[in-house]
Each structure stands twice: as structure tokens, then as C-alpha cells.
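The structure appears below as C-alpha cells.
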Amino acid sequence: MKGYQFSKFLPNELPKGGFDELLKLFTQLLNYTAGDAGEALAWMNELDKQYKFTNKDYGMGDFIEDLKEKGYINEENGETKITAKTEQTIRKSALEEIFGKLKKAGKGNHNSNTSGIGEEKNADRREFSFGDSLDQIDMTASIHNAQINHGIGNFTLTERDLEVEEKDYKTLTSTVLMIDISHSMILYGEDRITPAKKTAMALAELIKTKYPKDTLDIVVFGNDAWPITIKDLPYLQVGPYHTNTFAGLELATDLLRRRKTHNKQIFMITDGKPTCLKENGRYYKNSVGLDRKVIGKTLNMAAQCKRLNIPITTFMIAKDPYLQQFVRQFTEVNGGRAFYSSLNGLGEYIFEDYIKNRRKTVR
């Protein structure tokens, strides 16, 4: 009798050990240790004891030596440090992880309700009109239309038969990514800073490799706000800070004023309400409820961004109803958008929105 014979699955052929696989784990752990190579390697040793992902032919000692020889780590004053090569590897890893999910989910295909001459084809079609360029005409579809309209016995092609294929026009975009590093980003047993940091690294790598003419500035905000470089991202940590959203927006706006591009935007990743201002060199703080003074100045800053044509997209990674109510009010004042995102979906949301925002269509 024909049929199938089933046997117990033995994962003997699953890859174990080897430099490339251990490097992936090492770069992932660096996200959680804020770039501390020594701590990441210590974690790997402990995990190896439990899961035995090295073997008698390739051990942790071999891996560490390979990291040094291949330029991923070096020794400085007796301390193990990661190199620029590792920093880029972390960014690429984050990009592959997030952009891979985006492709798998089918996101990123955004049509516009307007159309025109551009660089990338979209699904919109329309009749030919005066001023359209010849390279926009879909000749296959136009001939098909002519055959339907006039028959195939005596071929005739008129202007009414011509079908135009629309394209998206890609614009240069200047983006400021604001990351909340207040203490609440690691409170309540939930690590919120690592997904935010990983998303920032992936977005930076996307822009550097795929959209090199675009600009990305990164601003972190706690009691104060300050810019950081892409190089600083792997080492980013939460501090014992309150949330000075006003200072973050003020700095982001100042950075965008200096950019010569027409399209400007702010992405803000936060998990809480504004709780802090700085006045005359002193901090005004109130973590209880929604302080009218703090909220008022923050909303005024959102309105100022609107006047400067700088939309703010807020990625809210907290579910408290009264916090979401503040975000709704903030978004209405600015005329921007808000996403109430899970930590797992944060990267895909930001990538999808970034790609959508940098495309526009013109007639």
C-alpha cells in the first residue's frame, strides 16, 4: 500500500556554532547591553552553558579571537570595545530584521489620490491629456484600447485610445527622529528603549544606503534634549530623567530650519506624557497627572511646528487612555498623525510611514 511514513524529527542538521551565527547573537546582545562588548560576551558564555551552541571544534575562545582578527572588537586600556565595523553591522542587522518584516507583511505599497510624472510606477491609469510625456504612455494598453474601440480589421489609434501610466515622484526629505529616554522607558517590567534604539539604527541605515540624499537627525530627550549621531546609537541608554517633550521639539525644529529641503518631518517615539520644562536654568517637574503648564507649552510648540509646515508623527508605545487622549490633542493641534504601536510593530510602522511620506505625486 502506498503512503507516507513518518519518523521523529531529529534536528541534527540545524546549524550550531560557527562565526557567522555567533556574530548574529553577539550583535543582538549588544542592543541590550548598550554596546558593552564585555557584558555581551559574558551573556554569551552563560547562554552557551545552557544551550550549548558552541562545540568541540569551535568554542567561545575561538569566536572571541575571530572577533579581534576580523576587526569587530579591540582592547582599550584592558577593556573590550566594539569597533565602527561592529556599529555598522548592528545597524545592518536591525535593517534586515525590520525591513524583512515589512516586506513579508506586504507593507510599503502606498498609492496616492493624486497622480503625475515621477520616477516609480504605481497602479493608477488615466486617459492621455495635453502635456503628458511620451514615456508615460502604456503602448500595450493603448493598442488594446484601439482594438476594442475601432475593431481589428482596419487598425486605428486615436488620442482617446491612449492610456497613461502614472508614476510616483520621490522627494528629498529631512527627518528628525526624537527618542524618549526618560526613566519610564524601562519601568513596569518592559524594555521600551531597545526597540526604539533598534528602529533608529535601522532607519539610519536605510537612509544612508537607499536614500543618501535625505537627511536624518536624531534627538534624545529627558530632562533636556540634545542631538546624537548615528555612531552613538548602539550605546544609547535610559537615564533618571523626566520627559521634556517641549525641549525635544524645540531642538528638532531648530535642526529642520537649517535644512534646505522642502519636505520636513518629525517622528517622535515616546511612552508617556510631558512632565518637565526648563525655565531660567531650573527644572519645573510634575509627574502626577497632566500638568497644565507643561502641557500648554508643549501644545504651543506643536502648533508652531504646524505653522512651519513640519508635521509630527507620534509613535505612542503606551496604552493608558489618558495618555492617548493627550496624544490625540497634540496630534490635532499639529495636524500630524499618531500611531498607538506595540513594541513589536514599532519598526514596521515607522518604515512604512517614512517611505510613504517621502513620496508625492504631481500633475
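The values are calculated or read from the model by the stated rules, or taken from the named source; none is laboratory data. Because the structure is predicted, anything quoted here is derived from the model rather than measured. For neighbour counting, all protein chains shown are included, and Cβ atoms are generated from backbone atoms with ideal geometry for every residue, glycine included. All accessible areas refer to the heavy atoms of the entire protein, side chains included, with ligands and DNA or RNA removed. Shrake-Rupley method; radii C 1.70, N 1.55, O 1.52, S 1.80 Å.
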Problem - By accessible area with a 1.4 Å probe, ligands and nucleic acids excluded, highest first: order of Asp135, Asp214 - result: Asp135, Asp214
Exercise for the section: Restricting to the chain, compute how many DSSP beta bridges are antiparallel as a %, nearest 5. Expected result: 45
Handout entry: Heavy-atom surface of the range 173-360, accessible at 1.4 Å and reported per residue (Å²)
Key = 44
Fill in the blank from the handout: Per its Cα gyration tensor (rounded if a/c is under 1.5, else prolate when a/b beats b/c, else oblate), the chain is best filed as oblate
Handout entry: Beta bridges per DSSP with both ends in the range 173-360, % antiparallel, nearest 5
Key = 25
Exercise for the section: Divide by every residue of the chain the summed helix terms, -39500 (n - 2.57) for each DSSP H run of at least 4, and state the resulting mean residue ellipticity at 222 nm, rounded to the nearest 500 deg cm²/dmol. Expected result: -13000 deg cm²/dmol
Fill in the blank from the handout: Judged on accessible area alone, 1.4 Å probe, highest first, Thr194, Thr209 line up as Thr209, Thr194
Completion exercise
For the range 19-82, the per residue accessible area (1.4 Å probe, Å²) is 58
Handout entry: Solvent-accessible heavy-atom area per residue, rounded to whole Å², over the range 121-167 at 1.4 Å
Key = 68
Fill in the blank from the handout: the chain: longest segment with zero exposed chymotrypsin sites (Phe, Trp or Tyr not before Pro), where exposed means DSSP loop plus at most 13 other C-beta atoms within 10 Å, is residues 189-363
Exercise for the section: Find, among the trypsin sites (Lys or Arg not before Pro) in the range 134-239, those assigned to loop by DSSP (not H, G, I, E, B) with at most 12 other beta-carbon atoms within 10 angstrom. Expected result: Lys213
Exercise for the section: Please report, as a whole percent, how much of the solvent-accessible surface of the chain comes from carbon and sulfur atoms (probe radius 1.4 Å). Expected result: 51
Handout entry: For Glu250, solvent-accessible area (1.4 Å; no DNA, RNA or ligand), Å²
Key = 90
Completion exercise
Per GNM of the chain with C-alpha springs under 10 angstrom, the most fluctuating residue out of Asp36, Asp254, Asp217 is Asp254
Completion exercise
Violations at 18 Å Cα threshold for listed pairs Lys81/Lys208; Lys198/Lys273; Lys273/Lys319; Lys231/Lys356; Lys85/Lys208 -> Lys81/Lys208; Lys198/Lys273; Lys231/Lys356
